[in-house]
Amino acid sequence: MNQTAAPLPVLALGDFVLDESNARLTRDGAPLDLPPKAFAVLCHLARNSDRLVSKDELLDSVWGHKHVSESVLKTVINMLRTQLGDDPRAPRYIETANRRGYRFVAPVAPVSVQARRPVVEPAAVAAGPPTILTVDDEPELRSMLEDYLKSRGFRVMTAGDTQEARAILGNSKIDLVLLDITLPGEDGLSLARHLREHRGPPVILLTALGTAVDRIVGLEVGADDYVTKPFEMRELLLRIRNVLRRVGVAPPPS
């Protein structure tokens, strides 16, 4: 049965520092960009670093009782290895036990408050609240998101298609993009891929497509999170705040 474990203490994982309570992985004080599921997988492996963790255990712990294939887990593990600079042929962090599961092999140790490196705070914090770009072809949804997020302290810009979104991204500082997949003309996945390849802002995909294949594709093109329509505004807000923290952008006070 999937149970919620107590948050880990701040841990040193080889060259990295894992702060589960604040959803942050850093190296030399600089935050790394990890999607929520990848971060959750890393936390579970670190929590159980003394043993082999089976694939079924990871799938149950991170995805609960939803039907998610092992290929999704493999994609997330590969994403973690990329971020950690880990070579599966000579692993320093995540070791694969063929057809069985994974073992976290890097040294894991609590970090004292005095020893923690200062987190690199974003320079843009003083300039004002984070700016979110909402890209969706449904005017009612764009308006609803704009009103809700503005009421929570964000700046919000909107676009009805990727062409309009690209124009905004080229002329404005955007901290996060809420991006629908099924857009007229160029689809959202193409724009998400472009933003990841060009080190653009983080992306949360908003879509009515909820199959495992869609989630895999979304992760593969570099989306930071994935929300299926219809969604709860409070859940979306939490996901936005978590993604912003991971990339070093301070969200507005709760």
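Quick notes on this structure:
- Size of electric dipole in the chain: Cβ of Lys, Arg +1 and of Asp, Glu -1, about Cα centre, debye, nearest 20: 880 debye
- Calculation over all alpha carbon pairs of segment 123-246 in 5 angstrom steps from 0 returns a P(r) of 2, 11, 24, 27, 22, 11, 3, 0, 0 percent.
- For segment 11-110, a simple Cβ point-charge model (Lys and Arg +1, Asp and Glu -1, everything else neutral) yields a dipole of about 300 debye relative to the Cα centre.
- Computed log₁₀ I(q)/I(0) - Debye formula, equal Cα scatterers, no solvent, the chain, q 0.11 Å⁻¹: -0.61
Taken together, the values in this text are just the output of simple stated rules run on the coordinates, not laboratory data. Note that the structure is predicted; figures quoted are calculated from it, not measured. Cβ coordinates were reconstructed from backbone atoms using ideal geometry, including for glycine residues, and neighbour counts include every protein chain displayed.
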